[in-house]
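> My questions will all concern the structure given below.
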Amino acid sequence: MSEQSAVTVIGLGPMGRALAGAFVDAGLRTTVWNRTPGRDHELVERGAIRAGSAEEAVAASDLTVVCVVDYDAADSVLRREAVAGALKGRAVVNLTADTPGRARGTAAWAADHGIRYLDGAIMTPVVTIGTPHAVFIHSGPKDLYREHLPVLEALGGTHTHLGEDTGRAAAHDIALLDIFWTAMAGYAHALAVAKAEGITARELAPFAKNIAAILPPLFEEFAAEVDEGSFSGEGNPITSAAASMAHIVHTSEAHGIDAGVMRAAEGLARRVVGRGHGTDGFIRITELLEDATNADSHSTGLIKR
């Protein structure tokens, strides 16, 4: 079997085991290692090779795929002297979730140690790995991505290269997780309010699905408005949005339910209105948030000077 038909997987949590399993199922010589022993039994029974150490694991393949809890965990393995030495001249695809800054920092460290480095993110759940429904995004050297794409495609689904900036995949991941977890927090809050009003979660769920169905076209519409700076409020000005958010706050707090998240959202809307943009749409708050970021950066610069 060719060297490119071999892959090492570091990290055997639920996602790491799914990745390794997909490689094994694709017929790739798959070496596995985990900081906590005992998670590789099923994989070894299926044909994976157990490494006795991290340095042994990375030396077994030209490509190492890392999937651990965060970059602290990844760095604690990769930056060991013996591991870094074994990785010299080899490739790492790091599918660990963390911040764009951490991705760029590890890429710089890898370059200093002669390690070829590609960052990535997994945008779908464990059950999708190895199926057409998996979604992977990658960033870093495009030639490295192309070289190892045939092996990565064993993980199933779609793979997209987002650019040479190593932090770009993590930046997409953070933004998309922002949508997901904000939505999940909103749904949890909605269920609490509904329960306080005598509505069961199952009763609310069908109507919640209808609300979710409204969002995809709004995402496209709002994306165009943000890129163009148009912020049309035709049909639903931000003054109307602020009023409905106030109703949610009042109802929640009448039942003793914390409404801090919605109060924050309402506050942003009121600030936009206060700037004279009351007839604009809700997505105008993006500009407000950007202004706050720029102001903070300017203040930091003044302090440093």
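> So what does the Cα-only Debye profile of the range 171-304 read at q = 0.17, 0.19 Å⁻¹, as log10 I(q)/I(0), no solvent term?
Rounded to two decimals, the profile gives -1.11, -1.31.
> Relative to the longest principal Cα axis of the chain, at what angle does helix 14-25 sit, 0 to 90 degrees, rounded to 10?
50 degrees
> Enter the mean projected area of the convex hull around the alpha-carbon atoms of the chain, in nm², rounded to one decimal.
Quarter of the Cα hull surface area: 20.5 nm².
> Most exposed first by the Cβ proxy, i.e. fewest other Cβ within 10 Å, how do F231, F222 rank?
Sorted ascending by nearby Cβ count, the order is F222, F231.
> Same structure, new question: Which of E55, E147 comes first, and how do the rest follow, when ranked by fewest Cβ neighbours within 10 Å?
The order, fewest Cβ neighbours first, is E147, E55.
> Between L215 and R80, how high is the FRET efficiency from 1/(1 + (r/R0)^6) when r is the Cβ-Cβ distance and R₀ = 45 Å? Nearest 0.05.
Approximately 0.50, to the nearest 0.05.
> Still on this structure, please answer the following. If each residue's Cβ is checked for other Cβ atoms within 10 Å, how do W181, W33 rank with the fewest at the top?
Exposure proxy ranking, most exposed first: W181, W33.
> With runs of 4+ DSSP H residues as the only contributors, calculate the mean residue ellipticity of the chain at 222 nm using -39,500 (n - 2.57) per run, divided by the residue total and rounded to the nearest 500.
Per the formula, -18500 deg cm²/dmol.
> Find how much the distance from E234 to S53 grows on full extension, using 0.36 nm per residue of separation minus their present alpha carbon separation; answer in nm with one decimal.
Roughly 59.0 nm would be gained on extension.
> Counting every Cα pair in the range 3-165, what percent are over 28 Å apart?
10 percent
> Run the paramagnetic zone check for K88: 7 angstrom along Cα to Cβ, then residues of the range 94-130 with backbone nitrogen under 17 Å.
Only 109-117 pass the distance filter.
> So what's the gap between the Cα centers of the range 208-277 and the range 93-107, to the nearest angstrom?
33 Å
> Which angle between 0 and 90 degrees, to the nearest 10, do you get for helix 238-254 versus the longest principal axis of the chain when only C-alpha atoms count?
Helix 238-254 sits at roughly 90 degrees to that axis.
> I would also like to ask the following. Students often check this: by mean Cβ neighbours within 10 Å, which of 161-167, 279-285 ranks highest, and how do the rest follow?
279-285, 161-167
No lab work stands behind these numbers, since they all come straight from the coordinates. In this text the structure is predicted, and so the values were computed from the model without any measurement. Reconstructed Cβ throughout: ideal geometry from the backbone, glycine too, with neighbour counts over all protein chains shown.
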